[in-house]
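As C-alpha coordinates, the structure follows; a few thoughts come after it.
The values are calculated or read from the model by the stated rules, or taken from the named source; none is laboratory data. What you are looking at is a predicted structure, and each value in this text was computed from that prediction instead of being measured. Cβ atoms come from the backbone with ideal geometry, glycine included; neighbour counts cover every protein chain shown. Heavy atoms of the whole protein, side chains included, go into the accessibility calculation; ligands, DNA and RNA do not. Shrake-Rupley method; radii C 1.70, N 1.55, O 1.52, S 1.80 Å.
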Amino acid sequence: MFDWTKSCSYDDAQKRRFHATARSRLKQLAAALRLPPGTFEIRSNRGGIAVSGEVTLHHDRAYVQVGQFGLSSGHGILIRTCDGRRDYTGGANHFAALSLLDDIPALAATVHAITGVGQTATGTVAHAA
(Lines give C-alpha, C1' and ligand atoms only; values in the text may rest on other atoms or scores of the structure.)
Protein backbone atom coordinates (compact mmCIF):
# COMPACT_ATOMS: atom_id res chain seq x y z
CA MET A 1 0.00 0.00 0.00
CA PHE A 2 1.43 3.38 -1.00
CA ASP A 3 1.66 6.10 1.68
CA TRP A 4 -0.08 9.02 -0.06
CA THR A 5 0.51 11.28 2.96
CA LYS A 6 4.31 11.02 2.99
CA SER A 7 5.44 14.40 1.70
CA CYS A 8 7.22 14.70 -1.64
CA SER A 9 8.74 18.04 -0.63
CA TYR A 10 12.53 17.89 -0.86
CA ASP A 11 12.36 14.09 -1.36
CA ASP A 12 13.04 13.22 -5.00
CA ALA A 13 12.76 9.46 -4.45
CA GLN A 14 9.32 9.87 -2.83
CA LYS A 15 8.24 12.19 -5.65
CA ARG A 16 9.26 9.58 -8.26
CA ARG A 17 7.27 6.90 -6.40
CA PHE A 18 4.29 9.25 -5.98
CA HIS A 19 4.17 10.06 -9.71
CA ALA A 20 4.70 6.46 -10.84
CA THR A 21 2.03 5.14 -8.48
CA ALA A 22 -0.46 7.92 -9.29
CA ARG A 23 0.01 7.36 -13.04
CA SER A 24 -0.62 3.65 -12.57
CA ARG A 25 -3.76 4.27 -10.51
CA LEU A 26 -5.12 6.79 -13.04
CA LYS A 27 -4.59 4.21 -15.81
CA GLN A 28 -6.59 1.79 -13.68
CA LEU A 29 -9.26 4.46 -13.22
CA ALA A 30 -9.54 4.97 -17.00
CA ALA A 31 -9.95 1.21 -17.42
CA ALA A 32 -12.55 1.02 -14.62
CA LEU A 33 -14.54 3.83 -16.26
CA ARG A 34 -14.10 2.05 -19.62
CA LEU A 35 -12.90 5.24 -21.28
CA PRO A 36 -12.34 4.61 -24.99
CA PRO A 37 -8.74 4.94 -26.21
CA GLY A 38 -8.06 8.36 -27.69
CA THR A 39 -10.58 10.14 -25.43
CA PHE A 40 -8.10 10.81 -22.62
CA GLU A 41 -4.45 11.31 -21.75
CA ILE A 42 -2.47 10.95 -18.56
CA ARG A 43 0.26 13.46 -17.93
CA SER A 44 2.63 14.31 -15.13
CA ASN A 45 4.04 17.65 -13.98
CA ARG A 46 6.72 17.15 -11.32
CA GLY A 47 6.74 20.81 -10.27
CA GLY A 48 9.53 22.26 -8.14
CA ILE A 49 11.51 20.74 -5.32
CA ALA A 50 9.14 21.94 -2.57
CA VAL A 51 5.92 20.45 -4.03
CA SER A 52 4.55 17.08 -5.13
CA GLY A 53 3.59 18.31 -8.57
CA GLU A 54 0.54 16.65 -10.07
CA VAL A 55 -0.57 13.74 -12.22
CA THR A 56 -3.62 14.35 -14.40
CA LEU A 57 -6.11 12.18 -16.26
CA HIS A 58 -7.65 14.56 -18.81
CA HIS A 59 -10.64 13.10 -20.65
CA ASP A 60 -12.70 14.94 -23.24
CA ARG A 61 -15.41 15.51 -20.57
CA ALA A 62 -13.64 15.04 -17.20
CA TYR A 63 -10.47 16.21 -15.47
CA VAL A 64 -8.98 14.25 -12.55
CA GLN A 65 -5.82 15.61 -10.95
CA VAL A 66 -3.78 14.00 -8.15
CA GLY A 67 -1.38 15.97 -5.97
CA GLN A 68 -0.52 16.67 -2.36
CA PHE A 69 -2.16 20.09 -2.46
CA GLY A 70 -4.69 19.22 0.24
CA LEU A 71 -2.81 17.09 2.75
CA SER A 72 -3.93 19.19 5.72
CA SER A 73 -7.57 18.70 4.70
CA GLY A 74 -7.15 15.07 3.70
CA HIS A 75 -7.87 15.90 0.08
CA GLY A 76 -5.60 15.49 -2.90
CA ILE A 77 -7.79 14.48 -5.83
CA LEU A 78 -9.41 17.25 -7.86
CA ILE A 79 -12.35 16.17 -10.03
CA ARG A 80 -14.27 18.40 -12.43
CA THR A 81 -16.01 18.43 -15.76
CA CYS A 82 -14.35 19.96 -18.80
CA ASP A 83 -15.12 20.73 -22.43
CA GLY A 84 -12.33 18.95 -24.26
CA ARG A 85 -8.67 18.41 -23.48
CA ARG A 86 -7.78 22.04 -24.06
CA ASP A 87 -10.10 23.11 -21.23
CA TYR A 88 -7.90 23.47 -18.14
CA THR A 89 -10.39 25.36 -15.95
CA GLY A 90 -13.57 23.30 -16.49
CA GLY A 91 -16.56 23.12 -14.20
CA ALA A 92 -16.80 23.39 -10.43
CA ASN A 93 -14.00 21.85 -8.39
CA HIS A 94 -14.75 18.76 -6.30
CA PHE A 95 -12.19 17.20 -3.99
CA ALA A 96 -11.68 13.66 -2.76
CA ALA A 97 -9.22 11.94 -0.44
CA LEU A 98 -5.96 10.58 -1.85
CA SER A 99 -6.85 7.28 -0.17
CA LEU A 100 -9.45 6.71 -2.92
CA LEU A 101 -6.50 5.88 -5.18
CA ASP A 102 -6.35 2.62 -3.19
CA ASP A 103 -10.01 1.85 -4.06
CA ILE A 104 -10.35 2.30 -7.81
CA PRO A 105 -14.01 1.14 -8.00
CA ALA A 106 -14.96 3.76 -5.37
CA LEU A 107 -12.93 6.43 -7.16
CA ALA A 108 -14.57 5.50 -10.48
CA ALA A 109 -18.02 5.79 -8.86
CA THR A 110 -17.06 9.20 -7.44
CA VAL A 111 -15.77 10.46 -10.79
CA HIS A 112 -18.89 9.17 -12.54
CA ALA A 113 -21.19 10.78 -9.96
CA ILE A 114 -19.49 14.16 -10.36
CA THR A 115 -18.92 14.18 -14.12
CA GLY A 116 -21.32 11.64 -15.62
CA VAL A 117 -18.34 10.17 -17.47
CA GLY A 118 -17.74 6.47 -17.78
CA GLN A 119 -19.58 3.29 -17.11
CA THR A 120 -22.36 3.19 -14.54
CA ALA A 121 -23.30 0.20 -12.42
CA THR A 122 -26.04 -0.61 -14.94
CA GLY A 123 -23.55 -0.79 -17.77
CA THR A 124 -24.64 2.42 -19.49
CA VAL A 125 -21.88 4.59 -20.89
CA ALA A 126 -22.35 8.33 -20.45
CA HIS A 127 -20.25 10.97 -22.25
CA ALA A 128 -17.67 8.38 -23.31
CA ALA A 129 -16.94 9.90 -26.70
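Figures for the structure shown
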{"quantity": "Qualifying chymotrypsin sites (Phe, Trp or Tyr not before Pro) for the stretch 1-83 [loop in DSSP, other Cβ within 10 Å: at most 11]", "calculated": "Tyr10"}
{"quantity": "11 Å beta-carbon shell around Asp102, net charge (K/R +1, D/E -1)", "calculated": "-1"}
{"quantity": "Dipole moment magnitude, nearest 20 debye, the chain about Cα centre, only Lys, Arg, Asp, Glu C-beta charged", "calculated": "240 debye"}
{"quantity": "Degrees, to the nearest 10: 104-115 long Cα axis against longest axis of the chain", "calculated": "60 degrees"}
{"quantity": "Computed E for Ala20/Arg86 - FRET, C-beta separation, R0 30 angstrom, nearest 0.05", "calculated": "0.70"}
{"quantity": "Carbon + sulfur, % of accessible area of the chain - ligands and nucleic acids excluded, 1.4 Å", "calculated": "54 percent"}
{"quantity": "Folded to 0 to 90 degrees: helix 12-33 orientation relative to the chain principal axis, Cα", "calculated": "10 degrees"}
{"quantity": "Within a Gaussian network of the chain (alpha carbon springs, distance under 10 Å), most fluctuating of Gly38, Gly91, Gly118", "calculated": "Gly38"}
{"quantity": "Rounded accessible area of Lys15 (nearest 10 Å², 1.4 Å probe)", "calculated": "10 Å²"}
{"quantity": "Matching label, semi-axes √(5λ) of the Cα gyration tensor in Å computed from the structure shown, candidates (i) 22, 19, 12; (ii) 27, 17, 11; (iii) 24, 15, 13", "calculated": "(iii)"}
{"quantity": "Solvent-accessible area per residue for the chain (1.4 angstrom probe, square angstrom)", "calculated": "50 Å²"}
{"quantity": "The stretch 24-82: mean projected area of Cα convex hull, nm²", "calculated": "4.4 nm²"}
